[in-house]
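Read through the structure below, which is laid out as structure tokens, and then see the notes.
The values are calculated or read from the model by the stated rules, or taken from the named source; none is laboratory data. Because the structure is a prediction, the values reported are computed rather than measured. Note: areas computed on protein heavy atoms with side chains; ligands, DNA, RNA excluded. Shrake-Rupley method; radii C 1.70, N 1.55, O 1.52, S 1.80 Å.
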Amino acid sequence: MRRVQTVVQAADPVLRAGIVNLLEHRPEIELLAQDGPGRDPLIVMCADDASELLAAGPAAAPKPAYTVLVVSRMNKAQLLEVVELGVTAVVWRREATGERLVRAVQLVDRGAGDLPADLLGGLLGEVGRARRARGAGTEPLPMGLSSREVDVIRLVSEGMETKEIAAKLCYSERTIKGVLHDVMTRLELRNRAHVVAHAAREGYLRWT
């Protein structure tokens, strides 16, 4: 079993202690006191409100980009901002059990990302509002997405898992993973949330 080197960060020592307590005895996690020379650990950042992370602006950008954010409160606009800062997964604090946190860490470690279905939908809507506010046209820009890629991304934006998307489109799960991997590699996107945001910003997805 691969043990994921992980560092827990939080301004609130009580909050940090609670997350550490959930992770420190998990065999899937190698919990480090802090990052250091030669280390590139996955970061679990904890906050009551997303504004705590955003207040510092670019200086707060997660390094490395593989970051799980455990948060109690976050609105749709803040979601878009934290994704653009480099957060790869979001876990609601009320849902932050040991199992849920390990799942998020393992998904992020594999480069998959992890956003709750309700947040993916909110991300799509927020990108749409931002794009309309800029006066962008309704026609897609030539970013080179195929119709199959758009179909897959649209279902990702609706919160579907890989297995559900495969069944819906009559493809194998391996094909769906391959489609998303190709898009992320070609467009230099970090995770599924970035894929949805990018496709929406470029006009490939529509909003109600």
Rolling a 1.4 angstrom probe over the protein chains, ignoring ligands and nucleic acids, what is the accessible area of residue 40 in square angstrom, nearest 10? 110
What is the spread of the Cα atoms of region 158-208 along each of their three principal axes, largest first, in whole Å? 29, 28, 14
